[in-house]
Amino acid sequence: MKKTAFTAIVILAFSVVSAWGADVKIGYVDVMKALNESIKGLEAKRTLEQMVNTRQVSIDNIEGELKKLQAEMEKQASVLTPEAKKEKEEQVTKLKRDYQRTLQDSEEEIKKKESEYTQGILKDLQAIIKKVGDEEGYTGIFDARDMLHFSKKLDITEKVIKTYNESYKAKK
């Protein structure tokens, strides 16, 4: 709500400046689209998918061991001594804890990495948006998420993505 109110105030201020005769050039960027469709964003997505797949293999292995141990315990339940049964139950309990811990650790690691990638790309995008704004004389550039409605003619998302991709390729 605060962002929307702020955006409305800024637009009103630009309208007043425009009434005084100054040239006003406004644009907006779909930052989420730029984040997800830029080369660096796509690379980050692929890296995260590989991390998820790698972690999933580990989780699936533990889950398979757990199911195997539980099935083994059920088959042998009538012939196991109380001590052996207790030992198998402890193994199952330990494996369940390992499974939960691995699952939780994997989720946390992936979320942390995703946040790192996102923050880095957003920082880069802010610099690119500022660069495009300065080079092309924009009075203001807004995030599309804060806009209720604006003409598609003011959308500079593709230009920002293109500039960001060129900048990223040049750094490689």
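The values are calculated or read from the model by the stated rules, or taken from the named source; none is laboratory data. These numbers come from a predicted model, not from an experiment. Cβ: placed from backbone, ideal geometry, glycine included. Neighbour counts: every protein chain shown.
Scanning segment 49-87 for residues that are more than 30 Å from Glu108 (Cα to Cα) and either in contact (Cβ under 8 Å) with a residue 12 or more places away in the chain or in a helix (DSSP H, G or I) (or both) returns Ala71, Glu72, Met73, Glu74, Lys75, Gln76, Pro82, Glu83, Ala84, Lys85, Lys86, Glu87. Selection of segment 140-166 for residues being of a type in the set (S, T, N, Q) and modelled with pLDDT under 95 yields only Ser151.
Across segment 119-161, the number of residues qualifying as of a type in the set (Val, Ile, Thr), in contact with a strand residue (DSSP E or B) (Cβ under 6 Å, 6 or more places away or on another chain) and in a helix (DSSP H, G or I) comes to 3. Counting the residues of segment 78-109 that are surrounded by 11 or more Cβ atoms within 10 Å (Cβ to Cβ) and within 39 Å of the chain's Cα centre (by Cα) gives 15. Taking segment 131-159 as the range and being farther than 25 Å from Lys45 by Cα and loosely packed, with under 14 Cβ neighbours inside 10 Å as the test, the residues that pass are Asp134, Glu135, Glu136, Gly137, Leu148, His149, Ser151, Lys152, Lys153. Just one residue in the set Val92, Val132 is in contact with a helix residue (DSSP H, G or I) (Cβ under 8 Å, 6 or more places away or on another chain), among the β-branched types (Val, Ile, Thr) and within 23 Å of Ile62 (Cβ to Cβ); that residue is Val92. Could you check segment 98-109 and list, in sequence order, the residues that are out of contact with any Lys or Arg (no Cβ under 7 Å at 6 or more places or on another chain) and in contact (Cβ under 8 Å) with a residue 40 or more places away in the chain? Hits for segment 98-109 are Tyr99, Thr102, Leu103, Glu109. Scanning segment 26-64 for residues that are within 25 Å of Leu122 (Cα to Cα), among the aliphatic types (A, V, I, L, M) and more than 15 Å from the chain's Cα centre (by Cα) returns Ile26, Val29.
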